[in-house]
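S.K.: Following this message is one structure expressed as C-alpha cells.
Each value in this text was obtained by applying a stated rule to the coordinates, not by laboratory testing. Keep in mind that this is a model prediction, so the values were computed, not measured. Backbone-built Cβ (ideal geometry, glycine too); neighbour counts: all protein chains shown.
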Amino acid sequence: MGVNTWLNEQTAREAYLEVADKAVVDGGSWCTMSGFNRWGATWCGKYENLQTGYLRDELGIRGMSITDYSGG
C-alpha cells in the first residue's frame, strides 16, 4: 500500500523537503509524521537518509517521527 516516488536528492530537496525545512526551522516543529509513500523502493519511515540524515542531522529534530497508520 502506498505510492512510490522516483526522484533524486536534488529534486526531493527542491520540491518536497523545502516544506519540511520551513516547518521545522520557521515553525519550530519537534516531531514529524511519515506517510506510507516510498522514496524509490524504500518506505519513507524506514529510509535512514531521510529520517536520520536529513531530519535529525541537518534540521536538528530531536523529537520522534511517527507513522500516519490507522487501523482497527
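S.K.: Over the chain, calculate the relative contact order: mean separation of alpha carbon pairs under 8 Å at least 6 apart, over the residue count, as a percent.
M.R.: Contact order relative to length: 37 percent.
S.K.: Extension gain residue 51-residue 7, at 0.36 nm per residue separation less the Cα-Cα distance, in nm?
M.R.: 14.2 nm
S.K.: Next up: Scan around residue 29 for amide H atoms under 5 Å from its own, H built in the peptide plane at 1.01 Å from N, and keep only partners 5 or more places away or cross-chain.
M.R.: 24
S.K.: Report which label in [x] 24, 12, 11; [y] 36, 12, 6; [z] 19, 16, 11 holds the value of semi-axes √(5λ) of the Cα gyration tensor in Å derived from the coordinates of this structure.
M.R.: Among [x] 24, 12, 11; [y] 36, 12, 6; [z] 19, 16, 11, the one derived from this structure is [z].
S.K.: Output ³J(HN,Hα) for the range 37-42: one whole-Hz value per residue in order, computed from phi by the Karplus curve 6.51 cos²θ - 1.76 cosθ + 1.60 with θ = phi - 60°, and x for Gly and Pro.
M.R.: Computed from phi, the couplings for the range 37-42 are 6, 10, 9, x, 9, 9 Hz.
S.K.: For the chain, what is the calculated [θ] at 222 nm in deg cm²/dmol (nearest 500), taking -39500 (n - 2.57) for each run of four or more DSSP H residues and dividing by its residue count?
M.R.: -4000 deg cm²/dmol
S.K.: Kindly rank 20-30, 50-60 from highest to lowest mean number of other beta carbons found within 10 Å of each residue.
M.R.: Put in order of decreasing packing, that is 50-60, 20-30.
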